[in-house]
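Written below as structure tokens is the structure these notes are about.
The values are calculated or read from the model by the stated rules, or taken from the named source; none is laboratory data. Keep in mind that what you see is a predicted model, and the values were worked out from it rather than measured. Here the Cβ is made from the backbone with ideal geometry for all residues, glycine too, and neighbour counts use every protein chain on show.
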Ligand code: 6PG
């Protein structure tokens, strides 16, 4: 594993997705212990997509993690039925939630049973408010948010072509991607993501090399992934060699 400060960002490069996932699990365990000691709970938001699947499967083998004190939210969801292949919660249930002993009240999905995406966003926002009110009655401050990155620079379901989202006071919003092949979405907003204690980007594969280079190197990029700058929290990029292949790295 290579660890470098790359244009002031903390970057870790791993041989492959398995080594990346093992590191992410160690980080998860460390942050979870710290959060539970401080607030009695560990609150995390997880993305969909393909990249995190290996991590989720490995996490499901970690039976000694304090799942009873871990609250799992979604960073975003496609507005499709749970049974649909594209449903993020369905993927997360298959790869992680259905394999660990976590109380169902600790699982916070974005429901897609509502008549409209807006109703789902409102319901999810109510769940976020209620959870963080129970904890410490503050604006949502996730202990950890995992994020993927699309080759257009989107993250969660914050797309470059979506309406300006940086300033919203909402915690969760609906997004209608211009690319109509992508479904209606519900997503955490950028202010919520940027209020997290820790944000960890995961990217793997040569197809991510270009966007990773752009997001890490551009000073004033307006790409959603480049706008993720936690105000006080930590931000780290976990990359495999493919995703890091266009970066000019020297071992530290
Ligand atoms: C989603 C994700 C999305 C994902 C990126 C990367 O709902 O699709 O939340 O933001 O993280 O599109 O996806 P891959 O991991 O499949 O490359």
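Data for the structure
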read-out: Test for residue 249: is it closer than 23 Å to residue 17 by Cα, buried (at least 18 other Cβ atoms within 10 Å of the Cβ) and touching a strand residue (DSSP E or B) at 6+ places or on another chain (Cβ under 7 Å); value: no
read-out: Positions within segment 9-35 being more than 17 Å from residue 145 (Cβ to Cβ), touching a helix residue (DSSP H, G or I) at 6+ places or on another chain (Cβ under 8 Å) and surrounded by fewer than 17 Cβ atoms within 10 Å (Cβ to Cβ), in sequence order; value: 18, 22
read-out: Residue match in segment 51-60 (condition: under 15 Å from the mean Cα position of the chain (by Cα), assigned to a loop (DSSP other than H, G, I, E, B) and over 19 Å from residue 127 (Cα atoms)); value: yes
read-out: Residue within segment 66-74 that is under 16 Å from the mean Cα position of the chain (by Cα), closer than 20 Å to residue 238 by Cα and not in a helix (DSSP H, G or I) present; value: yes
read-out: Residue ID - nearest to the ligand (Cβ to nearest atom), chosen from residues in segment 202-219 that are modelled with pLDDT of 95 or more and loosely packed, with under 15 Cβ neighbours inside 10 Å; value: 207
read-out: Selected residue [more than 16 Å from the ligand (Cβ to nearest atom) and either over 19 Å from residue 202 (Cα atoms) or surrounded by fewer than 15 Cβ atoms within 10 Å (Cβ to Cβ) (or both)] from 39, 50; value: 39
read-out: Residue match in segment 220-230 (condition: over 19 Å from the mean Cα position of the chain (by Cα), surrounded by fewer than 18 Cβ atoms within 10 Å (Cβ to Cβ), away from the ligand (no atom under 14 Å from the Cβ) and more than 28 Å from residue 120 (Cβ to Cβ)); value: yes
read-out: Segment 105-123 - residue that is closer than 28 Å to residue 37 by Cβ and touching a residue at least 24 places away in the same chain (Cβ under 8 Å) and, of those, surrounded by the most Cβ atoms within 10 Å (Cβ to Cβ); value: 109
